[in-house]
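K.L.:
Structure in structure tokens, see below.
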Amino acid sequence: MFPVHLTFEAFCQQFNSEQACAEALFKARWPDGFRCPSCRHPHFYLIQSRRLPLYECCSCRHQASVIAGTIMEGSPTPLPRWFQAMFLISRPSGISSSRLSDVIQVTYKTAWLIARKIRHAMQQADKGDPLTGIVRVDPIFYGYSYYSDARQPLLIGGSLDEHDQPQHVKIKQPDPSHVNNESRWIEKSGVQAFVNHHTDGAAVTVFARG
């Protein structure tokens, strides 16, 4: 979602106001310039009587907002706090709702709701972005290898380029019914479920153990 090398401090400086965030959302929503969601007309009147600008189509008078149809629609929380939450939740280490509440300075309830909406949106986006082409899927585990009951099984899949280098990676926990409880290893049915749910199923080559 955001560059891994970008620090939180630098991110906050870049998106430090409602205007800066609204401009970023405008570019994300209309990368080739404004197009009315109703009639596709390219010109608008700017209405700035509200907290966030509205874009009224010069042709059909439809009013559009940069947050309409997004997880931020209807929220009174300032956009910079939404952006900060998205940055922190998208980091590899993630963040708890309690810690998020402290960092972005909102109540725990607000932080919990924001985190829930962002994670749901990320899950939906992940579902719509399957692995394609040559795909390798491997059952793995993390935890203490000396104690089988401490092993936590995972499935990792990656789209490979012509040099067998990963281009797109997904890591998922298998359904408990697909795990052999004695060995803590993922059965073939679990690998197949990953293939069915996380690849496009078209001309996909899968290499898997187990």
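K.L.:
Relative to the present Cα-Cα distance, how much length would full extension add between GLN192 and HIS62 at 0.36 nm per residue of separation?
P.N.:
Using 0.36 nm per residue and subtracting the Cα-Cα distance, I get 42.1 nm.
K.L.:
While we're here: Helix 18-29 sits at what angle to the longest principal axis of the chain, using alpha carbons and giving 0 to 90 degrees rounded to 10?
P.N.:
With both axes taken from Cα atoms, the answer is about 70 degrees.
K.L.:
On a full-extension model of 0.36 nm per residue, what is the gain between GLU23 and ARG40, subtracting their alpha-carbon distance, rounded to one decimal in nm?
P.N.:
Answer, rounded to one decimal: 4.1 nm.
K.L.:
Okay, helix-only estimate at 222 nm for the chain: each DSSP H run of n ≥ 4 adds -39500 (n - 2.57), divide by all residues, round to 500 deg cm²/dmol; what do you get?
P.N.:
Per the formula, -10500 deg cm²/dmol.
K.L.:
Among all stretches of the chain without exposed GluC sites (Glu not before Pro) (DSSP loop, at most 12 other Cβ atoms within 10 Å), which one is longest?
P.N.:
74-161
K.L.:
Under 17 Å Cα to Cα from LYS127, which lysines show up? Leave out anything in the same chain fewer than 8 places away.
P.N.:
Result set, ordered by chain and number: LYS117, LYS170, LYS172.
K.L.:
Right, another one. In the Gaussian network model of the chain, springs joining C-alpha atoms below 10 Å, which of ILE171, ILE89, ILE104 carries the largest mean-square fluctuation?
P.N.:
Evaluated over the chain, the most mobile residue of the options is ILE171.
K.L.:
Name the residues whose placed amide hydrogens come within less than 5 Å of the amide hydrogen of PHE44, ignoring near sequence neighbours (fewer than 5 apart) on the same chain.
P.N.:
Long-range HN contacts for PHE44: CYS58.
K.L.:
While we're here: Give the angle, between 0 and 90 degrees and rounded to the nearest 10, that separates the Cα long axis of helix 108-127 from the longest principal axis of the Cα atoms of the chain.
P.N.:
It is inclined by approximately 70 degrees.
K.L.:
Would you mind checking the tilt of helix 79-90 against the longest principal axis of the Cα atoms of the chain, expressed as 0 to 90 degrees and rounded to 10?
P.N.:
10 degrees
K.L.:
I've got another one for you. So how far apart, in nm, are the two label points at ASN16 and ASN180 if each is 7 Å from Cα heading toward Cβ?
P.N.:
Rounded to a tenth, the inter-label distance reads 5.8 nm.
K.L.:
Ignoring the sites themselves, what is the longest stretch of the chain with no chymotrypsin sites (Phe, Trp or Tyr not before Pro) in a DSSP loop and at most 13 other beta-carbon atoms within 10 Å?
P.N.:
Numbers: sites that count: TYR144, TYR146, TYR147, PHE207.
That would be 1-143.
K.L.:
Go ahead and collect, in residue order, the members of the range 14-33 whose backbone nitrogen is under 20 Å from a label point 7 Å along the Cα-Cβ direction of SER75.
P.N.:
Backbone N within reach: 14-30.
Only the coordinates and a few stated rules stand behind these numbers; no lab work does. Quick caveat, the model's predicted, so the values are computed rather than measured. Neighbour counts run over all protein chains shown; Cβ positions are idealised from the backbone, glycine included.
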